[in-house]
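Please read the structure below before turning to the comments.
The values are calculated or read from the model by the stated rules, or taken from the named source; none is laboratory data. What you see is a predicted model; the values in this text were computed from it and never measured. Neighbour counts run over all protein chains shown; Cβ positions are idealised from the backbone, glycine included. Side chains included, ligands, DNA and RNA excluded: accessible areas come from the protein's heavy atoms. Shrake-Rupley method; radii C 1.70, N 1.55, O 1.52, S 1.80 Å.
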Amino acid sequence: MAKQKSPEQKRYEKIEQKHEAKRPVVKNCIKAFFVGGSICLVGQAVSYFYMYYFHFTEQTAGNPTVATMIFFAMLLTGFGVYDKIGQFAGAGSAVPITGFGNSVISAAIEHRTEGFVLGVGGNMFKLAGSVILFGVFSAFVVALIKTLLLIWGVI
Amino acid sequence: MKRKPIVVYGLLVLVIGSLLSGCNQGEKTSEESRSSMIQSVDPEATAVKKGDHDVAEKVKKDVQSVPAIYDVAVIKGKDEILVAYKVKHMQRFHMKKIEGEINKRLEKKYPKENFIVSSDFKIFIEAIELKDRMEDKDYSSKDAEERLKKIIKFKKERT
Amino acid sequence: MLKGKQSWVFPNRPVIVSSAAVGGPFEARGRLANDFDILHDDLWMGQDSYEKAHKLLLEEAIETAIQKGNATKEDVNFMLAGDLVNQITPSSFAARTLGIPYFGLFGACSTSMEGLALASFLINNQGAKTVVTAASSHNAAIEKQFRYPTEYGSQKPPTAQWTVTGAGAALLTDTDEKAGKLVTTSATIGKVVDLGISDPFNMGAAMAPAAADTIIAHFQDLQLDPAYYDLIITGDLAKIGSPIALELLQKEGLQIDSEKFKDCGLMVYQEDQKVQAGGSGAGCSAAVLYGHLFNEMRNGKYQRILLVATGALLSPLSFQQKESIPCIAHAVSIEVHP
Amino acid sequence: MLPMFFWAFVIGGLICVIGQIMFDVFKLTPGHTMSTLVVIGAILGGFGVYEPLIDFAGAGATIPITSFGNSLVNGALQEADQHGLVGVLTGMFEITSSGISAAVVFGFIGALLFKPKG
């Protein structure tokens with residue numbers, strides 16, 4: 001925050017720090033590790049499933065795997081389970097692609113009372129939009145730099 | 001807003017689920033290809049033409065001598081030789097390098113042959129499938145060649 | 001009648017004829033379930049949006065309070081109500097249904113005491129014969145308004161608070177039959193205090209200084225000793241804010257027994273309910289005071305209490321623009337008339 | 001195959017731990033955390049580090065959101081390889097389209113089927 005804190009605010013900050021419940025970082029990290037790891041484990045199983053029973057290679061199995069994981073996320077979100085997992089696992093359920101799916105789907109469900117066009121359509125990406133924006137823009141910059149370096153023969 | 005019973009929606013979900021997964025038809029798989037997922041199977045090298053067997057066997061030995069590799073399947077077709085291999089897990093970081101190494105080694109030794117090299121797991125399974133079929137006497141070499149071409153085409157597509 | 005700098009005393013002693021509290025499914029499993037007049041077992045309450053359910057909560061609380069007071073809607077001169085949704089639509093829409101002349105209030109979670117103070121003032125000064133005041137909040141509607149979609153799997157830190165699904169309403173009237181009835185005797189209007197907390201998941205700590213400020217002003221203006229009250233209850237400071245407020249008060253030299261310093265946000269739920277630091281929301285202090293605490297007073301457990309409802313005056317926009325959270329607290333003293 | 005599962009679990013779990021640390025230690029909102037991870041994924045993709053990680057950990061690297069940034073970069077680079085600079089812009093979604101389209105489709109279906117439970 002750019003604003004300077006007044007001496008009174010600084011004094012209060014000290015009192016507040018004393019009483020504030022600390023986030024259980026280590027415990028949270030362990031939970032995130034196991035839940036996040038498990039989601040990836042399921043993803044690996046799904047991709048082997050696609051490789052083995054359908055016509056997908058290691059390279060191409062990623063797409064149907066991602067779609068399937070998001071499908072699972074839709075079911076869990078719709079039945080009201082994903083927010084409970086989220087409270088337990090934190091980043092463990094937010095970082096995998098299912099968390100991206102959850103952010104889109106939860107917003108879509110939440111705003112359906114405002115109609116499908118303005119509610120669902122208008123709000124679907126209100127959480128996931130920033131991920132797409134920063135993903136696309138940073139990818140653009142990175143790819144541009146790399147392509148230019150290749151053209152100029154630097155690398 | 002009255003809601004339709006959940007059963008209706010359940011059905012809809014099922015339909016969508018099956019649409020999602022039904023886009024490619026599954027095929028029967030053999031015992032060996034199934035176990036190849038879990039363990040090393042060391043498949044025999046084969047060739048579409050009977051006389052090429054020895055070359056395929058030699059190629060297999062050469063690829064096997066690369067230390068990072070533990071399971072190799074070789075199928076020699078009319079124009080191309082398909083080499084599918086598995087990389088030891090801790091070496092998987094260097095897959096690109098290993099692939100290059102194998103390519104270089106093979107091209108040096110067999111300058112006349114055309115190699116298709118793949119570490120892809122699916123290609124490995126497919127190679128074993130084809131090998132098993134070729135063991136069947138009724139499976140014509142024309143069919144085998146066609147199927148090999150298909151695998152190679154399949155390997156080349158990226159996403 | 002003004003006393004001191006920012007306090008009113010009510011010599012005419014407006015009588016709280018009746019009160020009502022309505023809660024949702026989560027509150028039904030809470031500690032104070034028996035003190036609610038109506039408990040819903042579904043968050044939707046048969047409505048097709050959470051905002052409509054929010055409005056229904058408020059309507060039910062007001063109607064029940066009027067009914068319990070043996071009055072009709074026509075008898076009520078004014079309605080003072082507020083909530084946390086944009087432009088306080090649930091309160092305004094409830095006023096539309098009820099057809100009572102209406103003041104819409106916004107004081108975030110302090111709305112309950114803002115309403116009670118103003119209602120008492122109106123009656124004390126012959127501005128009205130009968131007034132109903134209410135405040136409400138609905139967990140899902142407020143989450144949607146202030147935080148994330150309800151189904152979004154975000155992890156709330158231990159300092160976060162759970163918005164109460166509930167509404168409380170009280171019917172006040174000007175009558176001479178006061179013996180044994182609950183009356184309001186004084187009120188202190190707080191000023192906005194901001195000590196630089198900007199984490200919207202740490203509202204208790206943000207609001208504690210406002211509560212302390214109002215309590216200190218109350219005792220100064222009325223020249224009372226904290227021992228005068230059987231209980232001093234804050235609105236929704238919860239686990240973090242409540243001890244901070246107590247510490248701030250003790251630093252100012254007010255001797256308050258920690259046994260007599262309670263918090264509505266810590267009273268509504270059971271220990272095993274996953275509410276992080278405790279309850280919050282405009283409905284929290286309203287439902288606890290108008291349900292549980294009034295029942296206790298009628299049963300004779302307490303004679304004199306001071307309720308200090310605290311409100312965090314932020315919006316999702318102000319938080320995203322990195323503003324710190326300005327807070328307010330209003331206090332009303334309620335006594336059993338001898 | 002078994003080591004693949006093991007490493008998918010470990011690497012996927014570790015990426016989530018990085019996210020958790022951003023939540024708890026740096027007090028970032030989920031939005032900020034996810035955006036940062038995607039940018040990190042894009043940068044690692046640019047340096048060509050992410051693909052070996054995928055070879056090594058499989059779904060442990062493709063399921064976390066970081067892979068979104070990586071595949072955007074790869075799509076752009078692939079297309080740039082064929083069509084020059086313009087490809088950077090046009091090739092971006094070549095690989096990643098499935099994640100976004102699945103989220104949109106299932107988001108809409110979800111809105112048709114479900115009500116928020118609160």
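Between A:Trp152 and B:Glu157, the distance separating the two model label sites (each 7 Å from Cα on the Cα→Cβ line) works out to 3.9 nm.
Relative to one another, the C-alpha centroids of region A:98-155 and region B:63-135 are positioned 38 Å apart.
Given the rule -39500 (n - 2.57) for each run of at least 4 DSSP H residues, summed and divided by the residues of the protein assembly as shown, what is its mean residue ellipticity at 222 nm, to the nearest 500 deg cm²/dmol? Don't skip to the end; give the middle numbers.
Numbers: 31 runs with 392 residues, N = 770.
Value at 222 nm, helices only: -16000 deg cm²/dmol.
Both chains summed, the buried accessible area for C and A stands near 2900 Å², from protein heavy atoms and a 1.4 Å probe. Legend: residue pairs C:Lys3/C:Lys322; B:Lys60/B:Lys88; C:Lys68/C:Lys191; B:Lys58/B:Lys122, Cα-Cα distance threshold 26 Å; pairs beyond threshold, C:Lys3/C:Lys322; C:Lys68/C:Lys191.
Debye-formula intensities of region D:28-95, expressed as log10 I(q)/I(0) at q = 0.24, 0.28, 0.29 Å⁻¹, are -0.97, -1.12, -1.15 (one equal scatterer per alpha-carbon, no solvent). Overall form of region C:177-290: oblate. Here a/c, set by the Cα gyration tensor axes a ≥ b ≥ c, is 1.5 or more, and a/b is not larger than b/c. What does the charge count around C:Val132 come to, taking other residues whose C-beta lies under 14 Å from its C-beta (Lys +1, Arg +1, Asp -1, Glu -1)? Neighbour charge sum, excluding C:Val132 itself: -3. Past the 54 angstrom mark, what percentage of all C-alpha to C-alpha distances in the protein assembly as shown do you count? Every Cα pair in the protein assembly as shown considered, those over 54 Å come to 27 percent.
Put a dot 7 Å past the Cα of A:Leu133, heading toward its Cβ, do the same for D:Leu89, and the two dots end up 2.0 nm apart.
Calculate what fraction, in whole %, of the accessible area of the protein assembly as shown sits on carbon and sulfur atoms when a 1.4 Å probe is rolled over the protein chains. Summing carbon and sulfur atoms, their accessible area is 59 percent of the total for the protein assembly as shown. Between the beta carbons of D:Val49 and C:Thr97, assuming R0 = 35 Å, the FRET efficiency works out to 0.05 to the nearest 0.05.
With a Förster radius of 56 Å applied to the beta-carbon distance between A:Ser6 and D:Val105, the computed FRET efficiency rounds to 0.60. On the basis of the beta-carbon distance and an R0 of 45 Å, B:Ser141 and D:Ser97 show a calculated FRET efficiency of 0.65. Just need log10 I(q)/I(0) for region A:26-110 at q = 0.12, 0.17, 0.18, 0.22 Å⁻¹, Debye formula, equal scatterers on the alpha-carbon atoms, no solvent, rounded to two decimals. Those come out to -0.37, -0.69, -0.75, -0.99, one per q.
Taking label points 7 Å from Cα along the Cα-to-Cβ direction, B:Tyr70 and C:Val192 give a separation of 6.7 nm. Per residue, the average separation of C-alpha pairs within less than 8 Å and at least 6 apart gives region D:2-113 a relative contact order of 23 percent. Lysine pair count for region A:1-93 (Cα-Cα distance under 24 Å; residues 8 or more apart in sequence or on different chains): 13.
In Å², and per residue, what accessible area does chain C have when probed at 1.4 Å with the other protein chains present?
Averaged over the residues of chain C, the accessible area is 35 Å².
Exposure check, 1.4 Å probe, all protein chains in place: C:His337 carries approximately 40 Å² of accessible surface. Mean-square fluctuations from a GNM of chain A, with a 10 angstrom spring cutoff on Cα atoms, peak among A:Lys84, A:Lys22, A:Lys126 at A:Lys22.
Of the beta bridges DSSP finds with both residues in chain C, what % are antiparallel, to the nearest 5? Beta bridges within chain C, antiparallel portion: roughly 65 percent.
Of the beta bridges in the protein assembly as shown, as assigned by DSSP with both residues counted there, near 65 percent are antiparallel.
Once A and D are treated as a pair rather than alone, how much accessible area drops out, both sides summed, in Å² to 100, probe 1.4 Å?
Working: alone 12110 and 8140 Å², together 14680 Å².
Buried area (both sides, nearest 100 Å²): 5600 Å².
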